[in-house]
1. Can you confirm whether segment A:182-194 contains a residue that is within 16 Å of RNA strand B (Cβ to nearest atom), outside any helix (DSSP H, G or I) and closer than 16 Å to residue A:250 by Cα?
2. Here's a check for you: in segment A:114-135, which residue that is of a type in the set (D, E, K, R) and touching a Gly at 6+ places or on another chain (Cβ under 7 Å) is nearest to RNA strand B (Cβ to nearest atom)?
3. What pairs can you find where one residue is in segment A:255-266 and in contact (Cβ under 8 Å) with a residue 24 or more places away in the chain, the other is near RNA strand B (Cβ under 10 Å from one of its atoms) and open to solvent by 20 Å² or more (accessible area, probe 1.4 Å), and their Cβ atoms are less than 6 Å apart, with a gap of 6+ or different chains?
4. Between a first residue in segment A:83-100 that is surrounded by 15 or more Cβ atoms within 10 Å (Cβ to Cβ) and a second residue that is among the polar types (S, T, N, Q) and at pLDDT 90 or above, which pairs have beta carbons less than 6 Å apart while being 6 or more apart in sequence or on different chains?
5. Is it fair to say residue A:89 is basic (Lys, Arg), at pLDDT 95 or above and part of a helix (DSSP H, G or I)?
6. Of (1) open to solvent by less than 60 Å² (accessible area, probe 1.4 Å); (2) more than 9 Å from RNA strand B (Cβ to nearest atom); (3) among the aliphatic types (A, V, I, L, M); (4) over 18 Å from residue A:143 (Cα atoms), residue A:202 satisfies all except one. Which?
7. Got a sec? Which of A:256, A:252, A:224 is buried (at least 19 other Cβ atoms within 10 Å of the Cβ) and farther than 20 Å from residue A:296 by Cα?
8. For segment A:366-397, how many residues are open to solvent by 90 Å² or more (accessible area, probe 1.4 Å), more than 7 Å from RNA strand B (Cβ to nearest atom) and outside any helix (DSSP H, G or I)?
Amino acid sequence: MTKINRPRGTYDLFPEELTRWQWAEQIARDAFEEYGFSEIRTPIFEPTELFSRSIGKFTDIVEKQMYTFKDKKGRSLTLRPEATASAIRAYLEKGEEQLPKRFYYLGPMFRYDRPQKGRFRQFYQIGVELFGVEHPGADCEIILLLSELFQRWKLKDFEIQLNSLGCSICKEKYSKALFDYLKGTSLCEDCEARKQKNVLRILDCKNKICRSAIEKAPKITDYLCEDCSLHFEKVKDYLHHLKIPYSLNPHLVRGLDYYTRTVFELFLPELERGIAIAAGGRYDNLIEELGGRKTPAIGFAIGVERLIANLDSSEKKKSPLYLAFLGEERILKEVMKLAQRLRRNKIPLIVNYKARSLKSQLHQADRLGSKFVLIIGPEEFEKGTVILRDMKDSSQTAVKKENLIEKIKDKI
RNA sequence: GUGAGUGUAGCUCAGCUGGUUAGAGCGCUGGACUGUGGCUCCAGUUGUCGCCGGUUCGAAUCCGGUCACUCACCCCA
């Protein structure tokens, strides 16, 4: 039979790697709870329209990266490419509750894209959403939380880039100004198209032609209305006050159309070609656009694969005990009974069932990383004892079965 | 979507410009060591040479196509 392989852009996680994932996830969960965020889990697929309406019809994500399919009744469904829209949908569907609301989530997202380093078709995001606080303190708190997380993950060397896109009026005004400014300048093919559909994205283009065209272009922060400008000043002020370093990047826009006012991205310097490892921003119009009341909101998402790839702490998994036996069936049965007793006392262990040389059993225990091995052979069987072998220093003692649990418990 | 590189044993890879039995290390199993791992030595074990087609007396090797993986562009977290 021919082997079946995993789909392109996906990967399998084995126990060795998962200990790092679990470590990182636990740190995130703890931090979120401390900041008053609670977990939310939403479906992995949603009506296609949820994403086309929120992310923006002319974004790459919606135009060419979604896993969209029809179910048996002909409904168009899409594997979620991100989670903000889902969180809002869930919040609205349950019935808008008292604000503010703080959610966090953790789970796989899906984008049909050519895989490469740090980019997968199924990838994990950890993120938070805060609904219902317009105050710039919320922006600061969200960025503080993000930076706190990276410190706890022992990645102190990050850079947070910050910008403000303003409200829809500022955005509109600036878009026009930028459009006018770019009239007559030649841009790359993609940006020529963006000019019509979404001018702001040109700021983000890495093409040399566009970069030089943009260099002297008006800055969006000069086009903010009084409220938005004040809001942005406050955010920066609070960040200073809390000593959270950031750098301003007036070219920072996001790939999703729903952002307003504060936007930010987090980079690690070691990461070549500057891909963001986490990003987020405010989306004050989105909840309304998805059918709710007008509700200010802000959030971020972290790319977990990119995060894990930068962790160096290799948390060691503790290995179970290994039960070896010598002789025939009745001794194995004795071992199985013993295993049952030990497990009931919460001692993790692995039983060897195959009657093979003690040498090979110890070899296996060594490979598995067991710190201790229990051995029962005919001799021990007769005497009602068990040999407890410490793999580290090769010392071993014969222990009466009755005392075994105690003995093991203070050793491990 | 565009471009480049790579597909040979479970893993990492060698195999020069085509030549007959396709190799090494690691791993795995066993032995030296009759009930004691990690070191050493010895033996054994493992292959549609990614797939399809072409050139040739002969293809892992050359050519075309195809698929997969990796990396970069693009995009994004």
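The values are calculated or read from the model by the stated rules, or taken from the named source; none is laboratory data. Just so we're clear, the structure is a prediction, and the values are computed from it rather than from any experiment. When we count neighbours, we look across all protein chains shown, and the Cβ atoms used for this are built from the backbone with ideal geometry, even at glycine. Heads up: the accessible areas ignore ligands, DNA and RNA and are worked out on the full protein's heavy atoms, side chains in. Shrake-Rupley method; radii C 1.70, N 1.55, O 1.52, S 1.80 Å.
1. no
2. A:121
3. If the second residue must be near RNA strand B (Cβ under 10 Å from one of its atoms) and open to solvent by 20 Å² or more (accessible area, probe 1.4 Å), the pairs left are A:263/A:254; A:265/A:276.
4. A:85/A:54; A:86/A:42; A:90/A:42
5. Yes, satisfied.
6. Unmet condition: (2).
7. Every option except A:252 fails the conditions.
8. Qualifying residue count for the region: 1.
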